2 protein chains.
Amino acid sequence: MSKILVFGHQNPDTDAIGAAIAFAYLQDALREETVEAVALGNPSEETQYALDHFGLKAPRVIKNAKDDTENVMLVDHNEFQQSVSDITDVNILAVVDHHRIANFETANPLYYRAEPVGCTSTIVLKLYKEADVTIPKAIAGIMLSAIISDTLLFKSPTCTPEDVAAAKELAILAETDYEAYGLEMLKAGTNLSDKSANFLLDLDAKSFPMGDKNIRIGQVNTVDLDEVFNRQAELEAAMKEENNKKGYDLFVLIVTNILDSDSELLVVGDAKEKIETAFNTKLENNRALLKGVVSRKKQVVPQLTEAFA
Amino acid sequence: MSKILVFGHQNPDTDAIGAAIAFAYLQDALREETVEAVALGNPSEETQYALDHFGLKAPRVIKNAKDDTENVMLVDHNEFQQSVSDITDVNILAVVDHHRIANFETANPLYYRAEPVGCTSTIVLKLYKEADVTIPKAIAGIMLSAIISDTLLFKSPTCTPEDVAAAKELAILAETDYEAYGLEMLKAGTNLSDKSANFLLDLDAKSFPMGDKNIRIGQVNTVDLDEVFNRQAELEAAMKEENNKKGYDLFVLIVTNILDSDSELLVVGDAKEKIETAFNTKLENNRALLKGVVSRKKQVVPQLTEAFA
């Protein structure tokens with residue numbers, strides 16, 4: 001019997017890991033094949049906090065899929081440049097996601113479930129209900145953690161009423177006070193002081209083809225913007241090096257204050273004027289404060305995509 | 001209040017029209033906006049037979065979407081070259097489909113529901129149930145017709161147990177003997193003798209980018225292969241002209257005998273040897289008989305895609 005691997009995007013966040021664990025458990029219950037959740041990187045401190053809290057092991061990290069299997073399922077992403085390195089060599093059976101669709105194609109029909117909600121795990125909860133499969137407490141806990149993470153405890157504009165309802169339902173199954181737990185989990189991910197510049201850049205970064213440019217967009221959460229911008233020179237040097245090494249035309253780092261729900265951008269590379277167009281702002285010292293901006297997906301990527309179109 | 005248009009692919013078949021009518025009715029019931037089913041071409045004789053049988057009007061044919069609205073929903077297709085001419089200028093809110101995904105992208109997250117079943121209308125039935133909306137008799141009838149059409153009355157290898165179950169459920173709602181009605185409807189689509197060669201080529205044709213080639217694949221159903229191949233010279237001349245005029249590298253016409261469930265290919269253009277590779281056959285007089293082949297999607301497109309990869 002062949003195996004099926006389920007994984008989220010590179011530089012996994014809590015939803016990429018949590019939705020993979022939850023969707024793999026569901027598919028394993030429904031299918032004859034063994035379905036295993038894996039990851040394209042190690043968990044962040046936030047994710048590790050959530051895994052530890054609910055007594056779950058971090059999924060095994062894979063470098064490619066073909067060594068294990070021909071058949072994969074993607075959660076929390078679809079764009080190939082965010083996926084496993086050999087994604088074009090394997091058969092994609094299913095995708096569960098809440099992002100735009102781009103740079104994605106298959107040779108065969110597949111199961112694809114995307115909804116414009118705040119978190120993949122909100123959709124996975126729906127799939128459990130449709131299949132009438134009971135969610136174990138620990139899995140409910142990691143799904144809850146994913147929703148808290150993606151919506152910044154419901155404060156992100158990506159958060160929908162469905163996400164809030166899903167989180168409350170999962171909190172009951174996980175026997176968890178979601179507000180107290182959620183704030184502790186988010187804070188666990190903002191311990192940045194002892195991290196290298198490269199670590200911060202890579203923590204939650206994705207690549208996006210826009211027009212003929214290759215844009216890298218990273219995001220770090222903090223409870224104090226100064227803690228990050230005190231290291232601006234060091235970060236800029238590392239961003240410049242990444243651009244040169246990986247061929248990015250532009251590196252955008254979104255530094256988000258999760259308490260105030262604002263973000264400040266740090267920008268290195270070509271076409272910086274597109275940033276000014278996209279956000280109707282002026283860069284000063286390569287920086288721009290964006291009030292009320294916390295969501296890369298909803299408040300940064302579409303605006304930049306349009307500016308580069 | 002803005003309007004939303006719902007449509008299937010160019011050269012609409014019964015599912016492209018039927019699923020558009022059914023999904024538009026559902027979305028209209030669920031949303032504040034007016035949701036209208038439209039079409040990218042006139043109904044075939046088969047589809048017209050089904051519309052007449054259930055007392056439905058053919059959807060209005062549109063040339064572009066932007067004149068009506070900013071917001072559209074696609075059924076039974078996703079590839080842009082099969083969609084409305086200005087698809088990249090409008091906002092795609094939702095897709096319901098059962099094909100491979102290719103040449104499709106959006107700037108924003110959307111609702112995307114694809115399942116590897118035989119017919120879009122089978123998925124639309126599921127969406128009615130999830131939303132708990134009652135299906136009117138005529139709409140159940142056109143959905144039933146779509147499933148019969150796409151699965152050739154359950155004989156196509158694309159047909160899944162879900163399609164059969166959906167058809168039987170819809171047949172009860174439509175108060176229709178699906179076997180007797182289904183055969184009559186399919187036969188209504190095989191009246192080819194009084195049609196021009198160009199009409200036959202365009203009846204159910206789609207374009208597919210494969211490798212660096214642009215492949216056109218048409219399909220006609222018949223109860224007598226000779227009736228079509230008696231006109232081979234005329235068809236070849238028309239295919240050659242289409243290739244020249246529209247820039248297709250290869251034109252493949254699948255002539256399917258719906259009684260025997262076999263197909264014979266007629267092939268005009270470059271790279272004909274790829275046909276031989278894909279189907280492990282030899283073309284004779286530009287023709288190849290493929291026993292048991294009735295499905296473009298499952299038995300022709302993936303094989304050709306691989307041969308051109």
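The values are calculated or read from the model by the stated rules, or taken from the named source; none is laboratory data. Please read these numbers as outputs of a predicted model, since none were measured by experiment. Counting neighbours? That spans all protein chains shown, and the Cβs are built from the backbone with ideal geometry, glycine included.
With respect to the conditions (1) more than 11 Å from chain A (Cβ to nearest Cβ); (2) of a type outside the set (Val, Ile, Thr); (3) assigned to a loop (DSSP other than H, G, I, E, B), B:ALA146 lacks only one, and its number is (3). If the condition is being over 18 Å from the mean Cα position of the chain (by Cα) and farther than 19 Å from A:ALA180 by Cβ, then the stretch A:140-169 contributes A:PRO161, A:GLU162, A:ALA165. Selection of strands (runs of 3 or more DSSP E) fully inside the stretch A:232-309 by the criterion of at least 2 residues being within 14 Å of chain B (Cβ to nearest Cβ) returns nothing. Consider the stretch A:234-246 and keep the residues that are surrounded by fewer than 20 Cβ atoms within 10 Å (Cβ to Cβ) and under 22 Å from the mean Cα position of the chain (by Cα). The one that is nearest to A:SER295 (Cα to Cα) is A:ASN243. Name every residue in the stretch A:95-110 that is in contact (Cβ under 8 Å) with a residue 24 or more places away in the chain and surrounded by fewer than 21 Cβ atoms within 10 Å (Cβ to Cβ), in order of residue number. A:ALA102, A:ASN103 - these are the residues of the stretch A:95-110 that are in contact (Cβ under 8 Å) with a residue 24 or more places away in the chain and surrounded by fewer than 21 Cβ atoms within 10 Å (Cβ to Cβ). Quick one: would you say B:LEU192 is closer than 30 Å to B:VAL268 by Cβ, away from chain A (no Cβ under 14 Å), in contact with a helix residue (DSSP H, G or I) (Cβ under 9 Å, 6 or more places away or on another chain) and assigned to a helix (DSSP H, G or I)? Judged against the criteria, B:LEU192 is not a match. The sole residue among B:LYS126, B:LYS137, B:LYS155 that is at negative phi, at pLDDT below 95 and surrounded by fewer than 20 Cβ atoms within 10 Å (Cβ to Cβ) is B:LYS155.
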